[in-house]
Every structure is written in structure tokens, then in C-alpha cells.
1. Please give the number of the condition D120 fails out of (1) closer than 15 Å to K11 by Cα; (2) within 13 Å of ligand 1 (Cβ to nearest atom).
2. So which residues in segment 6-48 are under 16 Å from S69 (Cα atoms) and either among the basic types (K, R) or loosely packed, with under 13 Cβ neighbours inside 10 Å (or both)?
3. Out of everything in segment 49-83 that is within 15 Å of the chain's Cα centre (by Cα), assigned to a helix (DSSP H, G or I) and farther than 16 Å from A129 by Cα, what residue ends up being nearest to ligand 2 (Cβ to nearest atom)?
4. Looking at A125, A36, A108, which is the one that is modelled with pLDDT of 95 or more and near ligand 1 (Cβ under 10 Å from one of its atoms)?
5. On the given criteria, is K2 modelled with pLDDT under 95 and either under 20 Å from F133 (Cβ atoms) or part of a loop (DSSP other than H, G, I, E, B) (or both)?
6. Of the residues that make up segment 100-118, is at least one in contact with a strand residue (DSSP E or B) (Cβ under 7 Å, 6 or more places away or on another chain), under 16 Å from T6 (Cα atoms) and without any contact (Cβ under 8 Å) to a residue 60 or more places away in the chain?
Amino acid sequence: MKGNITFTMIKPDATGKNLTGKILSMITEAGFTIRALKMTRLSKEQAEGFYAVHKDKPFFNDLVKFMTSGPVVAAILEKENAVESFRALIGATNPANAAEGTIRKLYASSVQENAVHGSDSDENAQIEASYFFSNLERF
Ligand code: ATP
Ligand code: MG
């Protein structure tokens with residue numbers, strides 16, 4: 001059965017362009033309910049931990065530098081089939097390949113500075129949500 005929770009971050013490129021409100025609005029207009037929300041800045045260690053699966057990739061150091069370059073807005077979102085539905089809303093990793101109307105097509109500027117994160121599985125959604133939010137911060 002598909003889970004109803006996903007985790008997102010509005011990345012430093014998008015918070016830096018003052019796009020937080022527009023992106024949150026697209027998310028709720030698409031039928032997601034915000035169950036947790038915070039603005040924070042990742043430490044190097046937190047960014048490395050979050051993207052640990054990519055630690056052997058050539059872009060890892062740049063990715064960590066980018067993700068710590070400014071604040072992010074982290075959120076837990078609820079909707080039926082949340083992970084797949086949210087990945088459809090954000091579009092492909094590289095905005096050049098993202099479908100019209102998706103968040104990345106509208107707001108990402110490159111494969112690295114791609115505006116938003118979305119969990120890639122139900123299991124990772126739970127892990128990522130717990131990485132950022134305590135039970136007292138989840139509604
Ligand atoms: P995210 O996990 O942030 O939602 P994604 O699942 O679409 O993105 P991943 O393959 O998990 O893509 O890559 C994680 C992040 O690493 C990307 O969002 C992007 O910021 C960066 N990244 C991925 N591929 C590249 C690349 N070839 N060059 C530079 N940065 C990259
Ligand atoms: Mg990913």
C-alpha cells in the first residue's frame with residue numbers, strides 16, 4: 001500500500017529568491033496538507049547526512065556547499081500516494097527535462113539549484129521527516 005506522507009525542502013536557491021510563499025501555495029493548491037513546517041539552515045554535517053546516499057558522486061561536495069549556502073524550508077506533507085504525487089508536482093531533477101507547470105520547470109535554474117527536494121520512497125519519507133522534526137513538531 002502506498003503511504004500518504006512525503007518530506008520536502010525548499011532549497012537555498014528558492015528561499016534566496018523569495019519563492020517560499022509561491023512554492024508552498026503550489027503545494028497546498030495541489031492538495032497536500034502541511035503536517036510540519038520549519039525554516040532552518042543545514043550544518044555541513046546535516047547536509048552530508050541527508051545526502052549520504054550520494055557521498056561517492058562527483059557532485060557531492062558542491063551539493064553540500066549549495067545546501068548549506070542559505071536557509072531551507074522543510075515540511076512534512078500529507079496526500080494520498082504522497083511520494084509519487086509530489087514527485088510529479090516538482091518535476092525532473094534537471095529542470096531542462098521537467099514537465100511544463102512543475103515547480104522545477106517554473107523555478108529551478110540548474111540540475112543542482114533545483115528549488116525543491118522530494119522524498120523518493122515511503123521509507124525515505126519517514127526517515128527524512130524524523131531527521132528534521134520531533135513528534136512534538138508533527139501535526
Ligand atoms: P532531491 O533528492 O533533492 O529531491 P532528486 O531526487 O530529483 O533530488 P537526486 O538524484 O536524489 O535527485 O540528487 C539529489 C540532488 O543532488 C539533486 O536534487 C541536485 O540538487 C543534486 N544533483 C543531482 N544530480 C546532479 C548532477 N549531475 N550535478 C549536480 N548536482 C546534481
Ligand atoms: Mg533524491
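The values are calculated or read from the model by the stated rules, or taken from the named source; none is laboratory data. Note that the structure is a prediction, hence the values are computed from the model and not measured. Virtual Cβ from ideal backbone geometry, glycine too; neighbours counted across all protein chains shown.
1. (1)
2. K11, K17, N18, M39, T40, R41, S43, K44, E45
3. Filtering segment 49-83 for residues that are within 15 Å of the chain's Cα centre (by Cα), assigned to a helix (DSSP H, G or I) and farther than 16 Å from A129 by Cα, the one nearest to ligand 2 (Cβ to nearest atom) comes out as L63.
4. Working: A125 fails: near ligand 1 (Cβ under 10 Å from one of its atoms); A36 fails: near ligand 1 (Cβ under 10 Å from one of its atoms).
Sole residue among the options that is modelled with pLDDT of 95 or more and near ligand 1 (Cβ under 10 Å from one of its atoms): A108.
5. Details: modelled with pLDDT under 95: yes; either under 20 Å from F133 (Cβ atoms) or part of a loop (DSSP other than H, G, I, E, B) (or both): yes.
So K2 fits the description; yes.
6. The answer is no, given that none of the residues of segment 100-118 is in contact with a strand residue (DSSP E or B) (Cβ under 7 Å, 6 or more places away or on another chain), under 16 Å from T6 (Cα atoms) and without any contact (Cβ under 8 Å) to a residue 60 or more places away in the chain.
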